[in-house]
Amino acid sequence: MIDIYAANEQDDVELDLDRWVALANGALVDEGVRGLAEVSLIFADEATIADLNQRFMGKVGPTDVLSFPIDAEPELSGRVPDAGGTGPGEPPLSEIPQLVGDVVICPAVAARNAVEHECTLDDEMALLVVHGVLHLLGWDHVIDDEAEKMEARERELLARHYRGDRA
């Protein structure tokens, strides 16, 4: 089961969190995430995402989406107190959730992008959700060839899991 924690920490745009959670879940499943997994999907204001952009990317100003993948967890050793066991050892691997990472999206920046890209805000938000999830899973777009593959995968996932008309 994939557990997606969604938080709306902004007041600029009204959001349907369940819609974006469902889209993120669909993308994660299609990308092969199985078993127990955890992802955070956070919708932040411009000041918050600008701060994160500066601290983690070294860039000034707000951006539309940031992804923070959680690298491979260190190997557990010895007793794992919070695993619920009564003695030494480790919990079964199937019970340890895979921490995939966090996606932070700024709806206010997405709204400006939607005007620039001549699409609806929902279409832009859907792209950012899928884009952020793919980054969590190792996709990148620094090299042109990688960008083309990532954009093609975004289109596939959006076609499968997103309906702009909410039908």
With respect to the numbered conditions (1) more than 18 Å from SER67 (Cα to Cα); (2) outside any helix (DSSP H, G or I); (3) touching a residue at least 24 places away in the same chain (Cβ under 8 Å), which one is the sole condition not fulfilled by ARG163? (3)
If you take the residues in the stretch 4-58 that are farther than 24 Å from GLY164 by Cα, charged (D, E, K, R) and in contact (Cβ under 8 Å) with a residue 12 or more places away in the chain, which one is surrounded by the fewest Cβ atoms within 10 Å (Cβ to Cβ)? GLU38
Does the stretch 103-150 hold any residues that are among the acidic types (Asp, Glu) and at pLDDT below 95, and which are they? ASP140, ASP144, ASP145, GLU146, GLU148
Selected residue (criterion: surrounded by the most Cβ atoms within 10 Å (Cβ to Cβ)) from residues of the stretch 107-123 that are without any contact (Cβ under 8 Å) to a residue 40 or more places away in the chain and either in a helix (DSSP H, G or I) or among the basic types (Lys, Arg) (or both): ALA114
Pairs where the first residue, in the stretch 136-157, is under 24 Å from ASN25 (Cβ atoms) and the second is of a type outside the set (Ser, Thr, Tyr) and exposed (fewer than 12 other Cβ atoms within 10 Å of the Cβ), C-beta under 9 Å, 6+ apart: LEU137/GLY32; HIS141/GLU148; MET150/ASP140
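The values are calculated or read from the model by the stated rules, or taken from the named source; none is laboratory data. Computed from a prediction, not measured in an experiment: that's the story for all the values here. With ideal geometry, Cβ positions are generated from the backbone for all residues, glycine too; neighbour counts draw on all protein chains shown.
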